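The values are calculated or read from the model by the stated rules, or taken from the named source; none is laboratory data. If you're wondering where the values come from, they're calculated on a predicted model, not measured in any experiment. All Cβ positions, glycine included, derive from the backbone under ideal geometry; neighbour counts span all protein chains shown.
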Amino acid sequence: MTTQSNKKIRILHTEWSDGWGGQEIRIINEMAALREEGVEVFLACTSHSSIKVKAIEEKIEVLVLPFRGLLDFRTLFGLIKFIKLYQIDIVNTHSGKDTWVGGIAAIFAGVKFIRTRHLSNDINQSRLNFINELADFIMTTGTSIKNKMIKNNRIQPDKIESIPTGIDSNVFNPKKYDRLLCRKKFEIEENEIVFGMLAVLRKFKRHDRFLIMAKHLINENRNKKIKFLIAGAGPRKEFIENQILKLGLDGKVLLLGHISETAEFLNAIDVFVLPSDSGEGVPQSLIQSLMMNKPSISTNAGSINDLLYDNNFLVVDKDSQEELNVAADRLVKEANLLKLYSNSRKVICEEFSKDAMTKKILSIYDRVIND
């Protein structure tokens, strides 16, 4: 994509987080997708961050800065220098700390400032927390996030839009994978019913509720072989391991760690579960599951309801362990429901594919630059 002067649009993304989860994956995938459309992309991050490693793997140019605080002057002046040297058109910020320093750097350098808000938790409503109001445009990853920022954070409705993370529908296509081979890869027996969870090991993902659900299903269905797989890495690993032992689920619940074969994992399992109680935009893992036509159970946290079309998956209250247990038990006992909840791909691909996301973002870039 080019501007009116035929110069390629240049976007500098900023991210201070050192983790690797849905937000960081979205940033890398978005940058790669926009680069395919002719946009030049750059990333500013910390030296020890996971996103730096992934960006380098994608051959994205990386600027390393400390991002020590909201107004870290070394980072601020480093960003301004980079913006001017590389003739950046838009600075796109992603987390709290880098939004302050990145947004101010964009303003001082005289370029456009876009804020992408990924999480659904509330933003401080104080008048002193004004950085989001200074943005030329705000992109959110879900409708609930957009509505909250309009209602609570003084954002004008014409300056904000929800653009859920786009998933590559070519990769997440169940027709591309042999289910028996996928189950063999994850050591799943033919007659086992497998519930799977794919999420970074953080508190708000509520792996503890997944484990309680697992205990309930085993107790209520002693005549059936049920297995539980957890894919993902993160700071709660030790806690989850202890909970597995405490609930007597050793050998029934397996921690797989980080996996790169996400589509194969989803193809192998029978039911996908997302028990988050907060923090979600529109979760990539749930989009991926629905693209794979996988029967799914999710809470109603964040903007998860954006994915709901004609009851294409089971939704439970984000604060109810009982609802989660009941929904999972229904899928075990009523085999016809597995077929009923395994036909989401078409509508999900139309609204939540990588192509759909890319077109929406390109439209916003064009609007912001030519405003």
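This table checks each residue for (1) of a type outside the set (S, T, N, Q); (2) touching a Leu at 6+ places or on another chain (Cβ under 6 Å); (3) surrounded by fewer than 22 Cβ atoms within 10 Å (Cβ to Cβ).
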position	(1), (2), (3)
Thr116	no, no, no
Ser120	no, no, no
Ile123	yes, no, yes
Ala135	yes, no, no
Thr140	no, no, no
Asn152	no, no, yes
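Of the residues examined, Val282 is one that is aliphatic (A, V, I, L, M) and over 21 Å from Met213 (Cβ atoms). All conditions in (1) more than 22 Å from Val101 (Cβ to Cβ); (2) crowded, with 21+ Cβ neighbours inside 10 Å hold for Leu12, with the sole exception of (1). Restricting the first residue to segment 317-340 and requiring it to be within 20 Å of Ala301 (Cβ to Cβ), which pairs with a second residue that is surrounded by fewer than 15 Cβ atoms within 10 Å (Cβ to Cβ) meet a Cβ separation below 6 Å and a spacing of at least six or different chains? Note: pairs meeting the criteria are Glu323/Asp317.
Exactly one residue out of Asp371, Asp317 is surrounded by fewer than 19 Cβ atoms within 10 Å (Cβ to Cβ) and within 30 Å of Ala106 (Cβ to Cβ), and it is Asp371. Inspection of segment 220-229 finds no residue satisfying the criterion of being without any contact (Cβ under 8 Å) to a residue 60 or more places away in the chain and part of a helix (DSSP H, G or I).
Highlighted here are the helices (runs of 4 or more DSSP H) found entirely within segment 303-360 that include at least 2 residues which are more than 27 Å from Phe204 (Cα to Cα) and modelled with pLDDT under 95: 335-340, 345-352. Every test in (1) within 16 Å of Leu198 (Cα to Cα); (2) hydrophobic (A, V, I, L, M, F, W, C); (3) crowded, with 18+ Cβ neighbours inside 10 Å is passed by Leu256 save one, and that test is (3).
Consider Phe82 against the criteria (1) free of Cβ contacts under 8 Å to residues at least 40 places away in the same chain; (2) more than 22 Å from the chain's Cα centre (by Cα): it satisfies all of them except one. Which criterion is unmet? It fails just one condition, (1).
Name every residue in segment 73-88 that is under 15 Å from Val41 (Cβ atoms) and in contact with a helix residue (DSSP H, G or I) (Cβ under 6 Å, 6 or more places away or on another chain), in order of residue number. Within segment 73-88, Ile83 is the sole residue that qualifies.
Considering the conditions (1) outside the structural domain of Ile28 (by TED's automatic domain parsing); (2) surrounded by fewer than 18 Cβ atoms within 10 Å (Cβ to Cβ); (3) not aromatic (Phe, Trp, Tyr), Leu198 is excluded by exactly one of them, (2). Determine which single condition Pro157 fails, assuming it passes every other condition in (1) out of contact with any helix residue (DSSP H, G or I) (no Cβ under 6 Å at 6 or more places or on another chain); (2) without any contact (Cβ under 8 Å) to a residue 12 or more places away in the chain; (3) closer than 30 Å to Asp355 by Cα. Looking at each condition in turn, Pro157 falls short on (1). The residues listed here are Glu241, Glu190, Glu220; of these, the one that is surrounded by fewer than 19 Cβ atoms within 10 Å (Cβ to Cβ), closer than 23 Å to Leu340 by Cβ and at pLDDT 95 or above is Glu220. Taken over segment 357-369, residues that are over 18 Å from Ile28 (Cβ atoms) and either without any contact (Cβ under 8 Å) to a residue 40 or more places away in the chain or aliphatic (A, V, I, L, M) (or both) amount to 5.
Would you check which residues across segment 226-252 are under 17 Å from Ile212 (Cβ atoms) and touching a Gly at 6+ places or on another chain (Cβ under 8 Å) and list them? Within segment 226-252, Phe228, Leu229, Ile230 qualify.
Scanning segment 240-255 for residues that are within 22 Å of Gly19 (Cα to Cα) and either under 22 Å from the mean Cα position of the chain (by Cα) or in contact (Cβ under 8 Å) with a residue 24 or more places away in the chain (or both) turns up Ile240, Leu255. Of note, Leu256 does not satisfy the criterion of being under 23 Å from Lys225 (Cβ atoms), touching a Leu at 6+ places or on another chain (Cβ under 8 Å) and outside any strand (DSSP E or B). Filtered by the rule that a residue be small (Gly, Ala, Ser) and touching a residue at least 40 places away in the same chain (Cβ under 8 Å), segment 256-288 gives Ala263, Ala268, Ser276, Ser278, Gly279, Gly281, Ser285.
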